[in-house]
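First the structure, in the form of structure tokens, and then the observations on it.
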Amino acid sequence: MTNSRLRGVVVAHGEVAHAFVSAVEAISGASGALRAVSNEGVGPDELAEIIREAAGGSEAILFVDLAGGSCGLASLRYVRESGNGAWITGVNLPMLLDFVFHREMPLEALVPRLLRKGRDGQRAHPSPLAGTG
């Protein structure tokens, strides 16, 4: 199923989510595709409610900074309970930009694409030599 209204919710510690959303909007010129949620000053239940409101009852992808942190656990809880979306941890700018421009794709095709874009956006220099560890 294609959903042109697929939501993206960035859930992260402190001001990280807001910074990601701001950067994506500045680079892409697209606003409203992503919502930022911070765990700052809220407990687990309140964070889960804020995530639920940000997802808006629609199919959503939750982009999370850390899998095992409070943001990751609350986001995973939402996805499991709602059955309405996906959970991606290790969020980075390349995957968020790709989401903004391809959010009309079916969730089943979009999630693997976003994971690939996120990994492809990682580089090291100098690049370690093959087989050296």
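Ligands, DNA and RNA aside, ASP120 has an accessible area near 90 Å² when probed at 1.4 Å.
Ordered from highest to lowest accessible area with the whole protein assembly present and a 1.4 Å probe, ARG123, ARG116, ARG77, ARG7 read as ARG123, ARG116, ARG77, ARG7. Overall, the accessible surface of the chain at a probe of 1.4 angstrom is composed of carbon and sulfur to the extent of 54 percent.
Which value, in Å to one decimal place, does the Kirkwood hydrodynamic radius take for the chain when every pair of different Cα atoms is included? Evaluated over the chain, this radius sits at 15.1 Å.
Find how many whole Å separate the alpha carbon centroid of segment 77-113 from the alpha carbon centroid of segment 1-69. Value for the Cα centre distance between the two parts: 11 Å.
Highest mean packing comes first when the peptides 42-51, 9-18, 65-74, 23-32 are listed by Cβ atoms within 10 Å, giving 9-18, 65-74, 42-51, 23-32.
With the convex hull of its Cα atoms as the shape, segment 1-78 has an orientation-averaged projected area of 5.2 nm². Computed from Cα positions, the angle between helix 44-55 and the longest principal axis of the chain comes to roughly 90 degrees.
The values are calculated or read from the model by the stated rules, or taken from the named source; none is laboratory data. If you're wondering where the values come from, they're calculated on a predicted model, not measured in any experiment. Here the Cβ is made from the backbone with ideal geometry for all residues, glycine too, and neighbour counts use every protein chain on show. Side chains are part of the model used for accessible areas, which takes the heavy atoms of the whole protein and leaves out ligands, DNA and RNA. Shrake-Rupley method; radii C 1.70, N 1.55, O 1.52, S 1.80 Å.
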